[in-house]
């Protein structure tokens, strides 16, 4: 007996359910594929953190730290990722110092100068529940002609994770983790400066 041939049509991949699933997958891919750069206000110290840290800092630092141009910024890809560009870095540190009351009322009149260098921003290749690490070198010097004494110099490394509780979008998770890692780094710097033996 000759073999039977099944002449029924193959299942259509255009069924409404499959089409809906395909559309959802495309939407998720599109969301995850767009770059989302870090933002300065979200990377800066919060008001609550600033109030707490301000009470620890020496009065000698208040309105007495000039911020030198921050180095190490990098532009975010249009298609993927979350980086911190130079403008965002500068705005982040300016805002944090301002909230702490450390920037002088008149620029370039502070007793101290703070140099900030972003050395590394480590991010996972797949931004799903990412953990981001930030390494920054800080150098605090006394202002003086020809260069002042180095009061403090150290590389600080901080990390932060983000997940679906923060955002369903993987790229947004990466941005949130990046901003938080930098904010943690600034807070760690301020705790270090609070322990410096400075004259009042």
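Beta bridges assigned by DSSP with both partners in region 38-194 are antiparallel in approximately 85 percent of cases.
Based on the alpha-carbon gyration tensor of region 33-76 and its eigenvalue square roots a ≥ b ≥ c, which shape applies: rounded if a/c is under 1.5, prolate if not and a/b is larger than b/c, or oblate?
Here region 33-76 falls in the oblate category.
Distance between the pseudo-spin-label points of residue 144 and residue 34 (7 Å out from Cα toward the beta carbon): 5.3 nm. Quick one: if the Förster radius is 30 Å, what FRET efficiency do residue 60 and residue 87 give, using the C-beta to C-beta distance and rounding to 0.05? E(calc), rounded to 0.05, equals 0.50.
For residue 78 and residue 128, compute 0.36 nm times the residue count separating them, minus their Cα-Cα distance, and round to one decimal in nm.
Extra length available between residue 78 and residue 128 comes to 16.1 nm.
Quick check for you: which residues of region 153-182 have the amide N under 18 Å from the point 7 Å beyond the Cα of residue 117 toward its beta carbon? From region 153-182, the list is 153-158. Counted residue by residue at 0.36 nm each, then reduced by the alpha carbon distance between them, the extension gain from residue 154 to residue 166 reaches 1.2 nm.
Rule-based calculations on the coordinates, nothing more; no lab input. Bear in mind the structure is a predicted one, so any value in this text is a computation, not a measurement. Cβ atoms come from the backbone with ideal geometry, glycine included; neighbour counts cover every protein chain shown.
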